[in-house]
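Reading through the structure tokens given below for one structure.
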Amino acid sequence: MTSEELADIFLSGDDYCALNKVQDYLKTHTRKELFQELLTPAMYRIGQLWQENAISVADEHLATAICDFVISATDNRSQEEKENAGKVMIMGFEGEDHYLGLKMVACVFREHGWTVRYMGPNLPLAHALDAAKQWKPDVIGLSAALVSRLPLVKTYMDAFRTLEPKPVVLLGGRAVALADLSDATAEGAVVLKSLETLQHWIQARKESNHEASA
């Protein structure tokens, strides 16, 4: 199974074929490999086809919906495996409608025993701040697929710095991977340019917490 083949299945509209192929893939691959090596390249290909007018907006929406279905259907939410590793709130910047990456990040956190509140894309700052004040997450994950959303990074960072206790802010998404966010890192944000770096960050935090409690 290649990402190009999966993209074609998404565009065909055959959701159960897509799910079966992905479930077969997961028999010999990790969830991180599924997201990073298969689903993400498949959706990038679909986005490129749309930009080239090779497919319609309706085709792109159909493919996105099937990818969403596959992510949800293969998400591991077993309560028995929960480790209470921490609480994370995941969202997209206001005006940012892309959400598949957010769902992948939520899945990775759940797989590592975190309690996740997936807030979805396009969350206005005032509502994000209210939710964080009430729930008090250990970590807030923000995603930007569009470069036009990056100017909001400082605004959100400034707001989240007022929270007590202060959460760690993670920044990810396609735009983040292409941008220089040294100012944000200087202010304490952690920039994650791939799901692999997210996995490494989660593992490093787990080891640090174990050492602190030893």
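The values are calculated or read from the model by the stated rules, or taken from the named source; none is laboratory data. Given the structure is predicted, the values throughout are model-derived calculations rather than measurements. Cβ sites come from the backbone with ideal geometry, for glycine too, and all protein chains shown count toward neighbours. Side chains included, ligands, DNA and RNA excluded: accessible areas come from the protein's heavy atoms. Shrake-Rupley method; radii C 1.70, N 1.55, O 1.52, S 1.80 Å.
Quick rundown of the values:
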read-out	value
Carbon and sulfur %, accessible surface of the chain computed with the full protein complex present, 1.4 Å	50 percent
Å² of accessible area per residue within the stretch 117-178, as computed with a 1.4 Å probe and no ligands counted	48 Å²
More than 25 angstrom apart: percent of Cα pairs within the stretch 101-214	18 percent
With DNA, RNA and ligands ignored, accessible area of Cys17 (1.4 Å probe; Å², nearest 10)	40 Å²
Per-selection metrics, the chain (Cα): Rg and Dmax in Å	17.5, 58
Amide proton proximity set for Val169, modelled H, under 5 Å, gap of 5+	Ile140, Val190
Helix-only [θ]222 nm of the chain, DSSP H runs n ≥ 4, -39500 (n - 2.57) each, per residue, nearest 500	-16000 deg cm²/dmol
Debye-sum result for the stretch 132-183 in log10 I(q)/I(0), which assumes one identical scatterer on each alpha carbon, at q = 0.23, 0.27, 0.28, 0.31 Å⁻¹	-0.87, -1.06, -1.11, -1.23
Selected from Leu39, Val191, Gly101, residue furthest toward positive end of dipole (the chain; charges at beta carbon)	Val191
Largest-first ordering by accessible area, 1.4 Å probe, given options Ile90, Ile55	Ile55, Ile90
Full-stretch length increase - Ser148, His61 - with 0.36 nm per residue and alpha-carbon distance subtracted	29.2 nm
Gaussian network model of the chain, springs between alpha carbon atoms under 10 Å - residue of Ala175, Ala106, Ala204 with greatest fluctuation	Ala204
Cα shape, the stretch 1-79, gyration tensor, a/c 1.5 rule	prolate
Cross-link reach list, lysines versus Lys133, counting only Cα pairs under 22 Å and skipping chain neighbours closer than eight places	Lys87, Lys154, Lys166
